[in-house]
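Quick notes on the structure that follows.
The values are calculated or read from the model by the stated rules, or taken from the named source; none is laboratory data. Here the structure is a predicted model, which means the values were calculated and not measured. All Cβ positions, glycine included, derive from the backbone under ideal geometry; neighbour counts span all protein chains shown. We work out accessible area using only protein heavy atoms, side chains counted, and drop any ligands, DNA or RNA first. Shrake-Rupley method; radii C 1.70, N 1.55, O 1.52, S 1.80 Å.
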Protein chains: 2
Amino acid sequence: VAKVPTECVIGVDLGGTNLKAGLVEGSLAVRARVERVIAGLGREELLDALADAVAQLRESAEVEVEAVGLGIAGLIDSDSGVVASSTHLPIAGVAIAEVLSERVGLAVLADNDANVALLAEVRDGAAAGEHVALIVALGTGVGGAIAFDGEIYRGAHGAAGEFGHIVISPDGPACGPGCRSRGCLEAFVGGSALARDACAAAERDPAGALGQALADGRVIDGPLVTELALGGDATALAVLTTLGQWLGIGLLSLANVFDPDVIVVGGGVSAAGDLILEPARRVLAERAPTLISKHVEVRPARFGARAGMLGAAILAREAAAMTPLRRRGKVAG
Amino acid sequence: VAKVPTECVIGVDLGGTNLKAGLVEGSLAVRARVERVIAGLGREELLDALADAVAQLRESAEVEVEAVGLGIAGLIDSDSGVVASSTHLPIAGVAIAEVLSERVGLAVLADNDANVALLAEVRDGAAAGEHVALIVALGTGVGGAIAFDGEIYRGAHGAAGEFGHIVISPDGPACGPGCRSRGCLEAFVGGSALARDACAAAERDPAGALGQALADGRVIDGPLVTELALGGDATALAVLTTLGQWLGIGLLSLANVFDPDVIVVGGGVSAAGDLILEPARRVLAERAPTLISKHVEVRPARFGARAGMLGAAILAREAAAMTPLRRRGKVAG
């Protein structure tokens, strides 16, 4: 039997809006990429898009591809491998790894997107070498993940790390679609919450840069608010400061629960950097028990938009290294 | 060298008000007990009381005592063994296990009281055999602990499981003494919060049983409120229902974070049983993701007031079984 080269795996980040796939080396260098918008696709179209992306990267590879890793915006039941829920993807009820594996004839490992993002950070990023590491992923929604000594903790049934749904204000705003609760962390610090709060602030301050952007018909989103805050607009800055304080309340609860070494903050909203991290750190410093606050570090993620793809590749590579992979889908855990 | 019998250890629960110590067999039967009020004692008096209790039990033992386990109402820095903070005990800054070990000439293992209470529940109580188990201990304050596959998780520096200080309402009431935050879970569901809310309810409803108890000069505390609620007083019942709903908000956050198999609810306030557990379960059922809510069980603790003493004994016994104990204090972890 010829030895199968293990240098290349395919990592796929299946978000609510985009599919990002890459042919990834052991060094985490990306040899080839495929990216496409998948918002609005139905279930079969989505599975076709996934299989096509894998096939395309496989053709471009000069070595054999051993496995595929998949990070998805959703919860996977670790008992059955079936996607239990996904806010933006029409794949609830699908044993996603198994189905994709059958289509592409490769072993497929699937996990929650925040789990794979943290895997990338603990292996080679902002949480490398830490015993207790958390990630809070501030995307449109808010995800989270937990790693103990470099191993992702997935909970009793695969649903752990849903930090976006820690309740920080029980009568607060309704959360994102698919959530039955309200006043969740996500309803205060996710991308949708940021856009909502920035629009309201723009209306209250029509003369400011944010207000003018609204009047000019620009889309009020995280990147714009960050740009204007960095440019000195007080209203935009206040919106981010408030978001950072709410983030701090969430991190405070997580710090009291886990006594972590590091909390990594990632996701698109985290591009605001210290504009949100500094207010969050202040809340921790002021409110947490000293034994916790003197140790815990809040760090920006190293891997930005590539975190999901790279983490998914690491997931596949480590599974391949540990055990000869059958051509069958698996859920990590 | 004569073989040291391992049948008996001493377990000590050092709470804010009482010291409870027992000579405990492997079956968890308690051969002898010492109990005394320690509220108001200074540091040296407290250490004397501890050493006296151990000496007294040791004299009563027919076999050699191998080790002492100690559960304390406070956080112990796992790096140094020093008590980092304790709301009600004057032992911050003391390497409590080491100091007691020197006094009594026995190995002493020390840990947080909620950690040892959960240890008792996972070994022989409401969480036996569960992979992911949490305890929320509703005493005067609110403690918590985490066990993965029967092992207590202590965090990076010994401070994990501070569930009482999850923020559930950022502008809520100030928390207990020693806490720099506000709106913590403890400020809504601890014994002090219950007494506060019950007094306020009694004032609003002077004709009710609770109001009459207040007028009669009775102490309005958890046991009284539970007694009156069980007797049919609507106001007392409403106070407990509200407390149960707040508890549910806290458990919801914990469920989203850990995806646990079981959450054990213990501590004095939990004597209200389903009067608080049912409202809490309803919040979980209504608000948690289905993958979590269909699995997680909320159970009353098996061990009530004895949980700390028995858990401390288990801590000592297991350490003794694992490794020959030197006569030196150790922090579990």
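Annotations for the structure displayed:
- Buried accessible area, chains B and A (both chains, 1.4 Å probe, Å² to nearest 100): 3600
- Heavy-atom accessible area, 1.4 Å probe, ligands and nucleic acids excluded: residues of region B:150-197 down by at least 20 Å² from chain alone: B:TYR153, B:ALA156, B:HIS157, B:ALA159, B:GLU162, B:HIS165, B:ILE166, B:VAL167, B:ILE168, B:PRO170, B:ARG180, B:SER181
- Residue of B:VAL12, B:VAL122, B:VAL63 that the Gaussian network model of chain B assigns the largest fluctuation, springs spanning Cα pairs under 10 Å: B:VAL63
- Label-point distances for A:GLY42 to the equivalent site in the other copies, using a point 7 angstrom along Cα→C-beta, read 8.2 nm when ranked shortest first.
- Gyration tensor verdict on region A:180-333 (Cα atoms; rounded if a/c is under 1.5, prolate if a/b is larger than b/c, oblate otherwise): oblate
- Rounded to the nearest 500, the 222 nm mean residue ellipticity of chain B from helices alone is -12500 deg cm²/dmol, with -39,500 (n - 2.57) taken per DSSP H run of at least 4 residues.
- Accessible area per residue in Å² at 1.4 Å probe, computed on region B:210-333: 41
- Per the protein assembly as shown, cysteines lacking a partner by the 4.7 Å Cβ criterion: A:CYS8, A:CYS199, B:CYS8, B:CYS199
- The protein assembly as shown, accessible surface, carbon-and-sulfur percent (1.4 angstrom probe): 50
- Under 5 Å, built H, 5+ apart or other chain: amide partners of A:ALA107: A:VAL68, A:ARG328
- Under-5 Å amide H pairs with A:GLY155, H placed in peptide plane, nonlocal only: A:ALA160
- Extreme residue, positive dipole direction of chain B, given options B:ILE276, B:GLY164, B:LEU106 (C-beta unit charges): B:LEU106
- Label spacing, shortest first and in nm, from A:ASP274 to its equivalents in the remaining copies (7 angstrom along Cα→Cβ): 5.7
- Span from the region A:204-276 Cα centroid across to the region B:89-132 one, whole angstrom: 42
- Each residue of region A:49-55 was assigned a 3J(HN,Hα) from its phi angle through the Karplus curve 6.51 cos²θ - 1.76 cosθ + 1.60 (θ = phi - 60°); the sequence is 4, 4, 5, 4, 4, 5, 4 Hz, with glycine and proline shown as x.
- Accessible surface calculations at 1.4 Å, restricted to protein heavy atoms, place region B:40-108 at 40 Å² per residue.
- Long-range lysine pairs (8 or more apart or interchain), the protein assembly as shown, Cα under 24 Å: 6
- Residue by residue, region A:13-24 carries 3J(HN,Hα) couplings of 9, 9, x, x, 10, 10, 9, 10, 10, x, 8, 10 Hz when phi is fed to the Karplus relation 6.51 cos²θ - 1.76 cosθ + 1.60 (θ = phi - 60°); x denotes Gly or Pro.
- The same position A:ARG196 in the other copies lies at 2.9 nm from this copy, comparing label points 7 Å beyond Cα toward the beta-carbon, shortest first.
- In order through region B:306-312: 3J(HN,Hα) via Karplus (6.51 cos²θ - 1.76 cosθ + 1.60), integer Hz, x for Gly, Pro: 8, 4, x, 5, 5, x, 5
- Degrees between helix A:274-287 axis and first principal axis of chain A (Cα, 0 to 90, nearest 10): 80
- Dipole magnitude of region B:82-184 about its Cα centre (Cβ charges: Lys, Arg +1; Asp, Glu -1), debye to nearest 20: 340
- Among the GluC sites (Glu not before Pro) in region A:1-70, those located in a DSSP loop and surrounded by at most 15 other Cβ atoms within 10 Å of their own Cβ are A:GLU25, A:GLU62, A:GLU64.
- Sparsely packed loop sites in region A:265-302 (the trypsin sites (Lys or Arg not before Pro) outside DSSP H, G, I, E and B with at most 14 other Cβ atoms within 10 Å) comprise A:LYS294.
- Chymotrypsin sites (Phe, Trp or Tyr not before Pro) lying in DSSP loop within region A:122-175, provided at most 16 other Cβ fall within 10 Å: none
- The amide H of B:ALA73, built 1.01 Å from its N in the peptide plane, has B:LEU14, B:ASP113 as neighbours under 5 Å, considering only residues 5 or more places off or on other chains.
- Taking a ≥ b ≥ c as the square roots of the Cα gyration tensor eigenvalues, region B:33-183 comes out oblate, since a/c reaches at least 1.5 and a/b does not exceed b/c.
- Only Lys, Arg (+1) and Asp, Glu (-1) charged, at Cβ; chain A dipole about Cα centre in debye: 220
- Shape of region A:259-314, Cα gyration tensor, a/c cut at 1.5: oblate
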